1. Mind checking the angle between helix 29-39 and the chain's longest principal axis? C-alpha axes, 0 to 90 degrees, to the nearest 10.
2. Collect residues whose amide H, placed 1.01 Å from N in the peptide plane, falls under 5 Å from the amide H of SER11; neighbours closer than 5 in sequence don't count.
Amino acid sequence: MPNLQPQRWRSTVVFADGRRIDVDEPLPLQTIVADAKRAGATKVELENGTEIFFNENGEQR
């Protein structure tokens, strides 16, 4: 049985004031989303072009 690993992505975390943090270390999507929510981000951009938006309560939309 192969050892399955979660897919890892590089990402950019975007804040409401326009600040952007590029994360060069490939991380699992769940880690990226959880860290971005805790930091108060409004959007996460993945290296494959996917954008994940958060509302003012930190919930995905």
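Read-outs: derived from the displayed coordinates by stated rules, not from any lab. Just so we're clear, the structure is a prediction, and the values are computed from it rather than from any experiment.
1. Roughly 30 degrees between the two axes.
2. Under 5 Å from the amide H of SER11 lie the amide H atoms of VAL23, each far enough along the sequence or on another chain.
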